[in-house]
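The block underneath contains the structure these notes are about, expressed in structure tokens.
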Amino acid sequence: MAKGNGVRWRRVLAVWGLIVAAETLQGVLRQLWLVSWLGELPARQLGVVSGVLLILLITWVTRRWLRLRTPAQQLQAGALWLLLMLLFEFGLGTLLGYPPERLLADYDPCAGGYLGLGMLVLLLAPWLLDRGRRRDGD
């Protein structure tokens with residue numbers, strides 16, 4: 001895959017694959033254990049928090065390997081992750097038989113859905129962690 005503007009797209013896709021795998025495992029574990037204990041909505045809300053932590057951890061661990069040097073590169077990578085994650089979320093949700101209203105409710109803060117915030121973190125994670133790296137002299 002061409003580097004284009006200096007972004008190593010294969011690496012960006014590989015890291016997205018790690019994020020999807022971690023988020024999927026987190027979702028399965030949430031369904032198996034947390035839903036019966038907390039209830040559906042609180043478990044999904046807690047899932048957003050743990051999902052954000054997973055995104056930040058994976059991005060932080062792979063940040064040097066990704067070599068996203070400029071804010072434009074970082075935001076392009078985050079935008080691709082966001083697009084792919086939305087396609088994955090809605091594709092899997094549809095495949096599992098969830099109605100569109102249920103899928104969209106996860107993004108509606110008035111309905112208790114915080115997934116939009118998680119997606120915002122996914123978009124900005126490469127840029128946010130680079131900001132911290134620069135401050136720390138990493």
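What follows is calculated from the coordinates using simple rules that are stated; it is not laboratory data. Keep in mind the model is a prediction, meaning the values are calculated, not measured. Because the Cβ atoms are built from the backbone with ideal geometry, glycine has one as well, and the counts that use them run over all protein chains shown.
Here is how the numbers come out for the structure above:
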{"quantity": "Distance from segment 4-23 to segment 69-138 (C-alpha centre basis), Å", "calculated": "13"}
{"quantity": "Relative contact order [Cα under 8 Å, 6+ residues apart], segment 9-136, whole percent", "calculated": "33"}
{"quantity": "Normalised convex hull volume, segment 9-136, alpha-carbon set, Å³ per residue", "calculated": "111"}
{"quantity": "Normalised per residue, the volume of the convex hull around the Cα set of segment 1-73 (Å³)", "calculated": "91"}
{"quantity": "Sum of side-chain charges, Val48 neighbourhood, beta-carbon under 14 Å (Lys, Arg +1; Asp, Glu -1)", "calculated": "-3"}
{"quantity": "Total formal charge among the other residues, if their Cβ is under 15 angstrom from that of Glu89, Lys/Arg +1 and Asp/Glu -1", "calculated": "-1"}
